[in-house]
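Visitor: What follows is a structure written as structure tokens; I'll ask about it next.
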Amino acid sequence: MSENKYAELIIDGKSYQLPVVEGSEGEKALDISGLRKNTGFITIDPGFFNTGACYSTITFIDGEKGILRYRGIPVEELAEKATFIETAYLLLHGKMPNKPQLQAFSQLLNANSMLHEDMRHFFDGFPRGAHPMHILSTMINALSTFYPNVDLLSLKEDINLSAARLISQVRTLAAFAYKKSIGEPIVYPRHDLSYCANFLNMMFDSPVQPYEVSPEVVKALNLLLILHADHEQNCSTTTVRTVGSAQVNLYATISAGVSALSGPLHGGANQEVIDMLRKIMRSERDVKKFIDRAKDKNSAFRLMGFGHRVYKTYDPRAAIIKKTCHDILSRLKTDDPLLELAMELEAAALQDDYFIERNLYPNVDFYSGIIYRAIGIPENMFTVMFALGRLPGWIAHWQEMLTKDTKICRPRQIYTGHTLRHYEKSS
Ligand code: SDX
């Protein structure tokens, strides 16, 4: 990161110098860390459209060019050649694991895949229709009581153990939550299966119908988890960095990230896309009606899976998933009318000035649900899959954020309420 350039700010005729910082990919920022002390002014930027919250070495996104790299490696290469666990190691350590490192990490994942048996009682307390994301967030918080506030910095020292516990146990939690929701006996993790195969087996194996793990499905799941593994300062990662800055237990911090991700404008969009496509299907595929509704300022309806705060071109993850959809459906010898409908909707939107002028393109959520459906994941578990994928990213950002000099996140505001007035007893 280079410094020693300045921007000049003139306030009431007085000149101030703001240091200009430049990142390794040429992104530029004004360092305003001394602004209030030197000028009495703060900046204001609701939604943080223009505000950088931190320096980070984990993920690089170029929203104009549609570039996404984890620790410098293009996501396209990782999606094609890596496994999710190798990608998780890369995000946590900044480099791909060698064979012994990968073996040790995989062994840690296996050794930490079981939940404390007492955790099972919590599941019985949830109402039948409880959304798995709410169960997941609650259960991850409950996990923190089994690992009370150890010294957080020592957690960092053994990041592999902390990460393995979370990445492995959250996978077990997700599968258990699903089994409970359908009234089937839970299936325990197995040491002889890879990360993704283990999850699929815990989800779909049953005493009456043993589950046959298909390499195609494992490959598809690896691809989806890799594509969701990190995305720099998105809403849920910013939540993790913010909550973690108060030195909250890592599990409770991740639980907060899961809650943020569950929002329909964020990770919850993948489930909303399928709901939207099904509604269009039921309206005799009246794509134009839904496009018009999405453009109507008086309607709260938005084209789910479309648009992005950072990408002003095609989300590279959506491009990979779209390309893979056909491939996976044909290998699994299945078809999904929603895929053709999604492509028809995309084509109509991308020819419409409203979407073109606002640079609205499909994002990661637009096609992911098609693959989840093809591999048998139920729709209310789609955002849980997003959380499973995002876990290594969240942990990597928590690790990067937490140093002995970490300052608690505490933004300022501009107050626009009542000026001084005094208590009057109401008549
Ligand atoms: C994720 O940040 C990340 O990196 C997130 C994520 C990750 O990996 O962590 O990539 C994952 O969250 C992807 C996004 C999933 N959400 C959706 O698909 C929900 C639908 N999309 C929108 O709600 C919206 O596009 C957001 C929330 C994603 C982004 O919204 P912004 O950046 O706050 O932009 P905005 O709402 O100010 O929109 C700008 C304009 C507005 O119109 P005008 O006021 O200029 O006339 O574009 C319009 C919006 O009304 N617009 C849409 C639209 N998205 C934006 N209009 C119709 N349909 C849409 N989907």
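Each reported figure results from applying straightforward, stated rules to the coordinates on display, with no laboratory input. Every value quoted in this text rests on a predicted model; they were computed, and no experiment measured them. Please note: Cβ atoms are built from the backbone with ideal geometry, for glycine as well, and neighbour counts cover all protein chains shown.
Visitor: How would the range 297-345 be classified by its alpha-carbon gyration tensor: rounded, prolate or oblate, with rounded meaning a/c under 1.5 and the a/b versus b/c comparison settling the rest? Don't jump to the answer; show the numbers that get you there.
Guide: Values: a/c = 3.96, a/b = 1.62, b/c = 2.45.
The shape class here is oblate.
Visitor: Roughly speaking, what is the stretch gain from LYS219 to SER427, that is 0.36 nm per residue apart minus the C-alpha to C-alpha distance, in nm to one decimal? It would help to have the intermediate numbers written out before the result.
Guide: On the way: separation 208, 0.36 × 208 = 74.88 nm, distance 7.04 nm.
Working it through step by step, the gained length comes to 67.8 nm.
Visitor: Follow-up. Quick one: if the Förster radius is 35 Å, what FRET efficiency do LYS333 and LEU102 give, using the C-beta to C-beta distance and rounding to 0.05?
Guide: Working: r = 33 Å, r/R0 = 0.93.
Given R0 = 35 Å and the Cβ-Cβ separation, E is 0.60.
Visitor: I would also like to ask the following. Residue separation times 0.36 nm, minus the C-alpha to C-alpha distance between CYS409 and ASP31: what's the value? Intermediate results must be reported in sequence, preceding the final value.
Guide: Values: separation 378, 0.36 × 378 = 136.08 nm, distance 1.65 nm.
Using 0.36 nm per residue and subtracting the Cα-Cα distance, I get 134.4 nm.
Visitor: Using only Cα atoms, locate the centre of the range 182-200 and the centre of the range 319-333, then give the distance between them in Å, rounded to an integer.
Guide: The range 182-200 and the range 319-333 have Cα centres spaced 24 Å from each other.
Visitor: Can you compute the charge dipole magnitude of the chain about its Cα centre, using +1 on each Lys and Arg Cβ and -1 on each Asp and Glu Cβ, nothing else charged? Give it in debye, rounded to the nearest 20. Intermediate results must be reported in sequence, preceding the final value.
Guide: Values: 47 positive and 48 negative charges, 163 e Å.
Dipole about the Cα centre, nearest 20: 780 debye.
Visitor: What nm distance separates the two modelled labels at ALA300 and TYR55, each placed 7 Å from Cα along Cα→Cβ?
Guide: 4.3 nm
Visitor: Right, here's the next one. Mind jotting down the distance between the C-alpha centroids of the range 15-85 and the range 356-426, whole Å?
Guide: For the range 356-426 versus the range 15-85, the Cα centre distance is 17 Å.
Visitor: Between beta-carbons, use under 14 Å as the cut-off and find the net charge around SER206, counting Lys and Arg +1, Asp and Glu -1. The partial results should precede the final answer.
Guide: Details: positive: LYS179, LYS180; negative: GLU184, ASP205, GLU212.
Result for the neighbourhood of SER206: -1.
Visitor: Moving on to the next point. With unit charges on the beta carbons (Lys and Arg positive, Asp and Glu negative) and the dipole taken about the Cα centre of the range 204-317, which residue among GLY307, VAL208, ASN249 sits farthest to the positive side?
Guide: Toward the positive end, the furthest listed residue is GLY307.
Visitor: Along each principal axis of its Cα atoms, how long is the chain end to end? Whole angstroms, biggest number first, please.
Guide: The principal-axis extents, from largest down, are 79, 64, 56 Å.
Visitor: Oh, and also: Apply the a/c threshold of 1.5 to the C-alpha gyration tensor of the range 333-427 and tell me whether it is rounded, prolate or oblate.
Guide: Numbers: a/c = 2.50, a/b = 1.65, b/c = 1.51.
Prolate.
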